[in-house]
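Chemist: This is the structure, below, for whatever I ask next.
The values are calculated or read from the model by the stated rules, or taken from the named source; none is laboratory data. The shown structure was predicted, so the numbers you read here are calculated from the model rather than taken from an experiment. Note: ideal-geometry Cβ built from the backbone for every residue, glycine included; neighbour counts use all protein chains shown. Please note that ligands, DNA and RNA were not included when accessible areas were found on the heavy atoms of the full protein model with its side chains. Shrake-Rupley method; radii C 1.70, N 1.55, O 1.52, S 1.80 Å.
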Amino acid sequence: MLLAIDCGNTNTVFSIWDGTRFLCTLRTSTHHARTADAYFTWYSTLVKHYGIEADITDVIISSTVPRVVFNLRVFADRFFRCRPIVVGKPECLLPHDPRVDEGTQVGPDRLVNTAGAFDRHGGDLIVVDFGTATTFDVVASDGAYVGGVIAPGVNLSLEALHMAAAALPHVDISVPQQVVGTNTVACIQSGIFWGYVGLVREICTRIKAERDRPMTIVATGGLAPLFQQSADLFDVMEDDLTMHGLTVIHKFNKDNA
Ligand SMILES: Nc1ncnc2c1ncn2[C@@H]1O[C@H](COP(=O)(O)OP(=O)(O)O)[C@@H](O)[C@H]1O
Ligand SMILES: CC(C)(COP(=O)(O)O)[C@@H](O)C(=O)NCCC(=O)O
Ligand SMILES: [K+]
């Protein structure tokens, strides 16, 4: 069985893949100081809680935080006796090499999203990932990542307003009832929610115009469901897209070893 690990700047997600389906998905916050033993304590407690018989033989890791990879490697080696595949490292093969400026390190999560989305939908895609950052990954017709857009994430923007303006409280994102807010919280929620609706719409429109072709918009990430429910922004929403991409890259490496 495969243990797929997706470390974002905010959350770290573990999923167990039995070759056909994900048996469980476990989530914790990302901390570079978490040790291999701490990962195992957390992991084994939850796996036992869910009554899952997991016989892990393989581990694949995608991490946007380089510092967590060391402890995750130790975790894989110590508890599963395996050498993990780490996306973005030279020894990890990709189904399609990215076409970007020389020397550019594309975020591994974006390479994984690209592989997952191409496997499900074919090419000419825009993958929108609402993570710590809001990223747009452009997938060409042949499946290669050819660039994209990075914007500040929704929660990051909310936090920035609170940090920089003495009179603005911390506000959780939600779908506003109306555009014109009649109190401070409603004003902020409106600015962020409708601001991001506009940001996503404008960027996707411009990407399609620049590439001069129809493209399918695939959304993923923690906050995608919020935007999906009240604005007509995406063609599909897939909360397991990154995990699916990890299984695709893992299989590709096994088949081409
Ligand atoms: N259901 C939710 N409601 C509100 N915020 C959420 C929800 N799910 C995730 N988030 C927040 O969305 C942001 C992105 O989460 P995530 O996609 O896990 O980010 P990353 O992959 O960068 O770690 C984080 O700030 C997280 O706390
Ligand atoms: C843009 C990101 C910070 C997004 O990370 P996330 O929101 O998933 O934590 C990450 O993909 C990254 O560090 N990228 C490196 C630069 C690039 O992709 O061009
Ligand atoms: K992400």
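Chemist: Compute the Cα gyration tensor for the chain, then decide on rounded, prolate or oblate, letting a ≥ b ≥ c be the square roots of its eigenvalues: rounded whenever a/c is under 1.5, prolate when a/b is larger than b/c in the other cases, and oblate in all that remain.
Modeler: Judged from the Cα gyration tensor, the chain comes out oblate (a/c at least 1.5, b/c at or above a/b).
Chemist: So what's the gap between the Cα centers of region 11-29 and region 188-238, to the nearest angstrom?
Modeler: 26 Å
Chemist: Hey, how many Å between the Cα centroid of region 124-148 and the Cα centroid of region 66-113?
Modeler: First find each Cα centre; the distance between them is then 18 Å.
Chemist: Let me ask something additional. Which distance in nm do the two modelled labels at Thr45 and Asn11 give, with both placed 7 Å along the Cα-to-Cβ direction?
Modeler: 1.9 nm
Chemist: Can you order the peptides 202-211, 216-225 by their average number of other Cβ atoms within 10 Å per residue, highest first?
Modeler: In descending order of packing, they fall as 216-225, 202-211.
Chemist: I would also like to ask the following. Given a 1.4 Å probe and every protein chain left where it sits, what share in percent of the accessible area of the chain is carbon and sulfur?
Modeler: The value for the chain is 52 percent carbon and sulfur by accessible area.
Chemist: So what's Rg/Rh here for region 4-79, counting alpha carbon atoms and using the Kirkwood radius for Rh?
Modeler: Using Cα coordinates only, the ratio equals 0.93.
Chemist: So which residue, out of Ile173, Ile16, Ile85, gets the largest mean-square fluctuation from a GNM of the chain using Cα contacts under 10 Å as springs?
Modeler: Ile173
Chemist: Now for a different question. Measure nothing but the geometry: give the 0 to 90° angle between the long axis through the Cα atoms of 184-211 and the longest principal axis through the Cα atoms of the chain, rounded to 10°.
Modeler: Taking Cα atoms only, the helix is inclined about 70 degrees.
Chemist: A further question on this structure: Say we join alpha carbon atoms closer than 10 Å with springs in a Gaussian network model of the chain; which of Arg67, Arg201, Arg213 then has the biggest fluctuation?
Modeler: So, out of Arg67, Arg201, Arg213, the one fluctuating most is Arg213.
Chemist: Need one word for region 56-98: rounded, prolate or oblate. Basis is the Cα gyration tensor (sqrt eigenvalues a ≥ b ≥ c); a/c below 1.5 gives rounded, then a/b vs b/c decides.
Modeler: Oblate, since a/c reaches 1.5 and b/c is not below a/b.
Chemist: Roughly how large, in nm² to one decimal, is the mean projection of the convex hull of the alpha-carbon atoms in region 203-252?
Modeler: Result: a mean projected hull area of 4.4 nm².
Chemist: Continuing with this model, one more query. Just the number, please: percent antiparallel of the DSSP beta bridges in the chain, rounded to the nearest 5.
Modeler: 60 percent
Chemist: Moving to a separate point now. Which residue, Thr57, Thr184, Thr20, tops the fluctuation ranking in a GNM of the chain built on C-alpha contacts under 10 Å?
Modeler: In this elastic network of the chain, the residue with the biggest mean-square fluctuation among Thr57, Thr184, Thr20 is Thr20.
Chemist: Quick one: if you stick a label point 7 Å off each Cα along the C-beta vector at Asp255 and Glu91, how many nm between them?
Modeler: Distance between label points: 2.2 nm.
Chemist: Taking 0.36 nm per intervening residue step and subtracting the Cα-Cα distance, what contour gain separates Val65 from Glu53 on full extension?
Modeler: 1.4 nm
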